[in-house]
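S.K.: My structure is below; once you've seen it, I'll send some questions.
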Amino acid sequence: MEHEPEYRSIIKEVLNTRAKESFAHGQIDLVVSFDDEHGRYLLLAVGWNGIRRVHTVLAHVDLIDDKVWLETYSTAPPGIAEALVAAGVPHTQIVLAFHHSNIRPNTAFAVA
């Protein structure tokens with residue numbers, strides 16, 4: 001795939017930048033997990049908020065057919081999609097997979 005090496009690097013940079021942010025409450029670490037072999041990248045929140053255990057996927061990004069698929073993200077604005085665009089990934093190469101395929105044509109991003 002033509003852009004995959006470039007996109008891998010950008011995804012890692014964006015997620016690593018997000019992982020440096022801190023939560024306003026609790027003892028929560030932001031952790032990244034990168035699987036280059038399968039093109040799968042995660043940003044996790046792990047720790048404790050008082051007596052409550054926190055283990056949440058904040059962002060899940062896959063590389064599929066030379067496109068960046070955002071499977072989920074729940075980080076504060078600006079979102080991961082906007083950060084990827086700012087880092088050089090065109091809107092036309094980002095799929096908001098967390099939206100149903102009927103909704104994707106109404107976004108500024110790729111349908112699939």
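None of the figures in this text is laboratory data; all of them are computed from the coordinates on show. Source: prediction; values computed, not measured. Note that we place each Cβ from the backbone using ideal geometry, even for glycine, and neighbour counts take in every protein chain shown.
S.K.: To the nearest 10 degrees, how steep is helix 4-19 against the longest Cα principal axis of the chain, on a 0 to 90 scale?
M.R.: 30
S.K.: Follow-up question, since we're still on this one. Ordered by residue, what ³J(HN,Hα) values in Hz, to whole numbers, does the range 53-66 give under the Karplus form 6.51 cos²θ - 1.76 cosθ + 1.60, where θ = phi - 60° and Gly and Pro are x?
M.R.: Each residue of the range 53-66 in turn: 6, 10, 8, 9, 7, 8, 8, 10, 10, 10, 9, 10, 6, 6 Hz.
S.K.: In sequence order, what are the phi-derived ³J(HN,Hα) couplings for the range 79-92 according to the Karplus relation 6.51 cos²θ - 1.76 cosθ + 1.60 with θ = phi - 60°, rounded to whole Hz, with x for glycine and proline?
M.R.: Whole-Hz 3J(HN,Hα) from phi for the range 79-92: x, 4, 4, 5, 5, 5, 4, 4, 8, x, 8, x, 3, 5.
S.K.: When Lys and Arg each count +1 and Asp and Glu each count -1, what net charge do the other residues less than 12 Å away from Lys20, Cβ to Cβ, add up to? Could you put the intermediate results ahead of the total?
M.R.: Values: positive: Arg18; negative: Glu13, Glu21, Asp29.
Value of the local net charge: -2.
S.K.: Now for a separate question. Of the listed peptides 40-53, 19-32, 2-15, 59-72, what is their order by residue-averaged count of other C-beta atoms within 10 Å, with the highest listed first?
M.R.: 59-72, 2-15, 40-53, 19-32
S.K.: Shifting gears a bit: Once amide H atoms are placed 1.01 Å from N in the peptide plane, what residues at a sequence separation of 5 or more from Val68, or on another chain, have their amide H within under 5 Å of its amide H?
M.R.: Those qualifying (amide H under 5 Å, at least 5 residues apart or on another chain) are Ile94, Val95.
S.K.: Can you show me the helix-derived [θ] at 222 nm for the chain, built from DSSP H runs with n ≥ 4 at -39,500 (n - 2.57) apiece and divided by the number of residues, rounded to the nearest 500.
M.R.: -6500 deg cm²/dmol
S.K.: Taking Rg/Rh (Cα atoms, Kirkwood Rh) as the quantity of interest, determine which of [x] 0.97; [y] 1.08; [z] 0.99 was computed from the displayed structure.
M.R.: The listed entry that was calculated here is [z].
S.K.: Which value, in debye to the nearest 20, gives the size of the charge dipole of the range 34-112 about its Cα centre, when Lys and Arg are +1 and Asp and Glu are -1 at the Cβ?
M.R.: For the range 34-112, the charge dipole is close to 420 debye.
S.K.: Here is a further query. Return, ordered by residue number, the residues of the range 22-64 whose backbone nitrogen is under 13 Å from a label point located 7 Å along Cα→Cβ of Arg104.
M.R.: The answer is 62-64.
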